[in-house]
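Peer 1: Mind having a look at this structure? Questions to follow.
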Amino acid sequence: MKNVKKCQFKNPVAGFPQTSLFRRYAEGSSHALALVDRDGAVAYANQAFDRLAARLSKLPQAEGRAAQGRGLSAPFVAALKEIWGQVGRDVQECRFPLNGEDGLVCRLVPLKPEELVIVELETSTDTASLKDALRAERMLRRQSDLLRERGRRLIFDVIDELPVFVYMQRPDYTVAYANKKTITFYGHTEGRRCYEVFGGRSTPCPQCPTFTVFATGRPVDWQFTDNDGRTFHIYDYPFEDENGEPLVMELGVDITELKRVERELFQAQKMRAIGVLAGGIAHDLNNNLVPIIFNIDHVQGKSTDTAMAAPLAEALRAAYKAAELVEQVLEYSRQQDVSRSPLHLTPLARENLALLQASLPGHIRLTVNSSADQDCVLANPSQIQQLLLNLCRNAVQAMPDGGILSVSITNLHLSSQKDAPHLGLGLGSHVVLQVADTGCGIESEAVERIFEPFYTSKKKSGGTGMGLAVVHAITSCNGGSIHVDSVPGSGTVFTVYLPCAAPAASPAVEEPRQASRTTGRLLLVDDDHGALQAMRRVLRDAGYEVFTADSGQEGLKEYFHARGQYDLVLTDQSMPDMTGLELAACILEHDGGARIIICTGHVEPQLEAQAAGAGVAGFVMKPMSPRVLVENVRKYCS
């Protein structure tokens, strides 16, 4: 028959030796199964076969009927005869569609010992449905794979453009993927291991946090500094490739600039804390230095013993040196709003450098270069003078064996931060003061601490650690910035940037004033007995009538007891029961014409503003010399 297909059956049903075994199998099967003998009679049919035969023949179901009696087609009977004719051959199975029965396929398997044929009827629609389902499943799977691949590609396209470095690492240290930022930083990564790319190492890094993610499957974050000094905050996440192999995705955010700002903020906070502490100590030192200076000066003026002259002069010099150190500490700590006015830096610098030249050792050569077209800055002349001289003294101390001290004044105009020579420098025009030396240089670990109060690398040469701290404080409070470049053994360059200011208008000529009186009635208020008595003695010697009070409350009582018959009240600011400002406010509230000056070593902008608002005449800074005290009293007592 042309429609009969012959094939080899890998697991032949002839393996069932007895019909009973087949019966038990067929009864539990949903397939239409039957046994047909040589005569074409159905020896056995399961329920599924009977149902299918009944549907096809519309005849009652009964065993023992001929195949034709069950409504099976002639081609089916002919196929039975053909397979019996081939029993002696090596034919184990045949399958063919039943003509006239759409979608019906017959499978015949001979059982040689029993001389029976197993008949299995199945509808091709079941097979087609299965094929359609498989085809639909494959299509859905392919669409899913395409969507997954498209989504993966889109994700990687985004990752490739991220402004952070992203790479993926395998458990064997090899780099599976690197985005553009990573390649920009470290070059191509194909065939390279992570420790080669990021650490420049030939062996794995000890205690690598990335492998914690492989071990635990949980994200970790850590920080890493590469060989170029860039610092990154690293975020590691578990990931896998398209084959399900484990990876770690690593995101690196460049925090180099953040770390720099963090260090600067920490440094500023630390320096401010030191300054506050130093300011408090300096105030107490001031109170002790006033009687020391005043009493030594008094004894020196009264003594006629020539043998005592030298020791007294030495003691007075030491006291003034201590007072100068205290003044430097206060200059750093108080961040005072000193009076500022436009000044030309070039003539001021040349004048002070000319004086410095005379005191320089012979083996140090000074060179000055000024090419600034704009040299006007808004600053206090005394502060700028101190800044310049401190930098020059620092340079001289760095050249014990001689060298060249170079000072230059130039201009810099910044219109973009891209052109800034240093980070944090403001836009606009700047006057640039540069002091360079050819000395021993500064070690890299000391550069970050060079502006700290009391930090010095020149203890053997008498450094106090306040010179550069004061330079930094003066530069900052004038709106500028300072930068240091140094190479050990090759010298150091300090560069100060100050904002340019418009020149001041020509000052008006003042009318000559009548000379102030040299006598008057004074009230001194101070809680420090030694300072109070020392100032009283100096002012009495200068011709003034002096009354004293050792507290703010006593001073208030004394002033109103005398019905305000004082030409000037000189009060200390820091007193336990009542501050000098509170005392001044109480007096001025009842006597607006009173003249009051506050004597203190620590003036903050807030205090200065409050004093001006209350009507205080001015301030006298501690510690002062007897001459300065008398001059200030004479100035205000007129």
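Peer 1: With r as the distance between the Cβ atoms of Q47 and D145 and R0 = 60 Å, compute the FRET efficiency 1/(1 + (r/R0)^6) and round to 0.05.
Peer 2: 0.85
Peer 1: Assuming 0.36 nm per residue, please report the length gained on full extension of the stretch R365 to S444 beyond their Cα-Cα distance.
Peer 2: Answer, rounded to one decimal: 25.8 nm.
Peer 1: Over the alpha-carbon set of segment 226-266, divide Rg by the Kirkwood Rh and report the Rg/Rh ratio to two decimals.
Peer 2: Rg/Rh: 1.24.
Peer 1: Just to confirm a number: summing +1 for Lys and Arg and -1 for Asp and Glu over residues other than A531 whose beta-carbon lies under 10 angstrom from that of A531, what do you get?
Peer 2: Value of the local net charge: -2.
Peer 1: Further question: Report P(r) for segment 137-248: all Cα-Cα distances, bin width 5 Å, range 0 to the bin holding the largest distance, values in whole percent.
Peer 2: That works out to 2, 10, 18, 24, 20, 11, 6, 4, 2, 1, 0, in percent per bin.
Peer 1: Of the peptides 353-365, 547-559, 155-167, 138-150, how do they stack up when ordered by the mean number of other Cβ atoms within 10 Å, highest first?
Peer 2: By packing density, highest mean first, the sequence is 547-559, 155-167, 353-365, 138-150.
Peer 1: Using a 1.4 angstrom probe with every protein chain in place, what is the largest-first accessible-area order of D528, D254, D572?
Peer 2: Ranking D528, D254, D572 by accessible area, largest first, yields D254, D528, D572.
Peer 1: Around A32, which amide H atoms from residues at least 5 apart in sequence, or from another chain, sit under 5 Å from its own amide H, with H modelled in the peptide plane?
Peer 2: Amide H to amide H, under 5 Å and 5 or more residues apart or across chains, A32 pairs with L121.
Peer 1: If I model a spin label at T216 and T519 as a point 7 Å from the Cα along the Cα→Cβ vector, what separation in nanometres do I get?
Peer 2: 8.8
Peer 1: Using a Förster radius of 25 Å, what is the FRET efficiency between A318 and E554 based on their Cβ-Cβ separation? Nearest 0.05, please.
Peer 2: Working from the Cβ atoms, E equals 0.15.
Peer 1: Take each of the peptides 229-238, 482-491, average the number of other beta-carbon atoms within 10 Å over its residues, and list them starting from the highest.
Peer 2: Descending packing order for the listed peptides: 229-238, 482-491.
The values are calculated or read from the model by the stated rules, or taken from the named source; none is laboratory data. Just so you know, these numbers come straight off a predicted model, no measurement behind them. All Cβ positions, even for glycine, are placed from backbone atoms using ideal geometry, and neighbour counts span all protein chains on display. All accessible areas refer to the heavy atoms of the entire protein, side chains included, with ligands and DNA or RNA removed. Shrake-Rupley method; radii C 1.70, N 1.55, O 1.52, S 1.80 Å.
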